Structure formats: structure tokens, C-alpha cells
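Shown next, in C-alpha cells, is the structure this report addresses.
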Amino acid sequence: MTPATPVIPGFAQHRVPVADDVTLHAAVGGSGTPVVLLHGFPQTHLMWRHVAPALAAGHTVICPDLRGYGASDKPADTDGTTYSKRTMAADVVALAKALGHERFALVGHDRGALVAIRAGLDHPDTVTHLASLDVLPTLDMWDVMRGTSAAVGFHLYLMAQPPGLPEQLIGASPDAFFGHFLDVWTRDPAAVPPAVRAAYLAACRAAVPSIVADYRASAGVDVTHDRADRAAGNRLRMPVAVLQQDWGAALGFDAAALWSAWAADLRHTTVSCGHFMAEEAPDEVVEAVRDLLNGA
């Protein structure tokens, strides 16, 4: 973090060890029952700068940079599991415990939502409520990507390739690559102002290998874990809220039906904003999280 880097107002910055040689950066604020917010791609914890202060009026809110992102540590991926969602979920559980919270609600966007889903499956007695913003579970995500419509997810296939080529291609022009998604996934460009955009691009520029490893895991070990859960009939036991763009209309699937296979207690809402909903429609996100926590 530098003096010019935007921050979440009123939140303290922490460095918390969560695993051997891995420390996460987290912004923490508020008081009350804990809520952990996990950012997406190509972002950092800063994406919660509107949502977190609103939730902090009634909760302790913890906003980490995921392993491999932002100001958190970026260990080398030596065996294909360093950035599995199982490993990253364990980081989140360890972070909350280190901050004094044995149980917590979990909200994730994009990549953070995949970590949240895995945390809910692996740690059902720890995650009390789960909210997912604009993803499908990993196994379903790959199943619905077919034909020319799947071109929207070209980055998934690029970063799924063996180590070497994706890192070289993306590293050759990182701002163009990561900036592309900030441009095309945002319906309201003003939602990501220049200082925030610059912070995102700087963070991604410094994390190309770990970001690629995160995505590569979602084409490998994460699929293996999801298949094992599906075969075992393992589902999310806690109340689940999903906010999602209408990707089903574009790609030909029923998002609510796919989600229902993973969560019995499900609230599924289709939103009209862009992908970066915590920045484009923070009030809607805050209301959905509050309703989930209050059982509304």
C-alpha cells in the first residue's frame, strides 16, 4: 500500500498470517457479528469501499486481499494446489479465527465467490450465511461454456493452459489485459474511478503468475473437488443468496436451477447492473446481504 492508494474509509489495515509463509492483508472495520467480504477479478479488497462501511454499521466487516492478489502474499504454485479454492478458503477461515471469529457470514464476488462456495462446502459449521455475486459454481461454469457464446470467457481458457505461455502473454501487456475486463464488464464506467482503476491495474501487474495460477486451479483441482462433492451429494447447508446478471439468457442455462442443486435454502436474484455490482449498485448488494443475515 502507498499513500496514493485508495482505502476503505474508517477501516484499519492488518497483516495476518494464515498459513506457512502466507500472510493476508485485510481491512477491518465496524463491530458486531462478523461478515467477511471476498473480492473478485481483476480487483482487490478495495471493491468493497461502498458496501463495507454500510455493513460496518451493524457488523464487524473483514475485507482481505485473497492470496495471490493485492497486498497479500503470492506464493509460487509448486503442485497445482497452492491456489485451489480449498486452500484459499482455508486462508479465510484462518484469517477470521486469528481476528477472533470462529463463525462468520461470507460474501464473495467473482473469484472470491468461488472461494466462498468452497468455504461453505468445506466448513459448514463455520460459515453461517453465504452470498455469491455473479458466478456459477466452478463445475457448472465449465458445463455452460459452449460454442461461440463461450468467447466471452476466453480468459478462462487462456489461463487454464500449462505454466509458461499465459504468464508470458499477459505479462507482456498486463494493463491492456486486465483493463479490458474493467472496461467490458462495467455498465457504468464512473463506478470505477481513475484512482481505483489505477490501483487495480497496479495490483494485477504485480501478480500475473499468482492470478494465472488461481484461474488454472479452476480448470484443474477445483473441478475435481466440485465433482467429488456432487458425487457425494454434498450441498451448502447455510442460507445462500445469489445476485447474478442474466448470463443464462446469453449462454442458454437456468442459473437458479443450477444453483438450487447446490443450496436448499436459496434466494436467487437477477440484477440489471454490470458485473462489478458492489461498485455499480452497492445499495442493492447491501440490502441483499442484510436480508440474508436477517432471514428476510
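A few remarks follow.
- Accessible surface for the chain, divided over its residues, is 39 Å² per residue with a 1.4 Å probe.
- Computed label-point distance, nm, for sites residue 257 and residue 234 using a 7 Å Cα→Cβ extension: 2.6 nm
- Added length on full extension, which subtracts the Cα-Cα distance from 0.36 nm per residue, residue 78 to residue 20: 19.5 nm
- About its Cα centre, the dipole of the chain is roughly 260 debye, where the only charges are +1 on Lys and Arg Cβ and -1 on Asp and Glu Cβ.
- Viscosity 1.002 mPa s, temperature 20 °C, Stokes-Einstein D of the range 91-172 from Kirkwood C-alpha radius, µm²/s: 145 µm²/s
- The equivalent ellipsoid that matches the C-alpha gyration tensor of the chain spans semi-axes of 24, 23, 20 angstrom, in descending order.
- Expressed in units of 2.2 N^0.38 Å, where N is the residue count, the Cα radius of gyration of the range 10-77 is 1.10.
- With all protein chains in place and a 1.4 Å probe, the accessible surface of the chain carries 55 percent carbon and sulfur.
- Inverse of mean 1/r across different Cα pairs in the range 43-127, Kirkwood, Å: 13.5 Å
- Rounded to the nearest 20, the Cβ-based charge dipole of the range 139-296 about its Cα centre (Lys and Arg +1, Asp and Glu -1) stands at 380 debye.
- Mean residue ellipticity (222 nm) of the chain, computed from DSSP H runs ≥ 4 via -39,500 (n - 2.57), nearest 500: -12000 deg cm²/dmol
- Stokes-Einstein diffusion coefficient of the range 63-221, Kirkwood radius over Cα pairs, 20 °C, 1.002 mPa s, in µm²/s: 129 µm²/s
- Expressed in Å, the radius of gyration and Dmax of the Cα atoms of the range 194-296 are 16.8, 47.
- Think of the range 212-251 as having a plus end and a minus end, set by charges on the Cβ of Lys, Arg, Asp and Glu; of 238, 220, 248, 238 sits farthest toward the positive end of this dipole.
- For the range 58-178, with +1 on Lys and Arg beta carbons and -1 on Asp and Glu, the positive-most of 63, 129, 80 along the dipole: 129
The values are calculated or read from the model by the stated rules, or taken from the named source; none is laboratory data. Here the structure is a predicted model, which is why all the values come from computation and not from measurement. Every residue, glycine among them, receives a Cβ derived from its backbone with ideal geometry; neighbour counts consider all protein chains shown. Please note that ligands, DNA and RNA were not included when accessible areas were found on the heavy atoms of the full protein model with its side chains. Shrake-Rupley method; radii C 1.70, N 1.55, O 1.52, S 1.80 Å.
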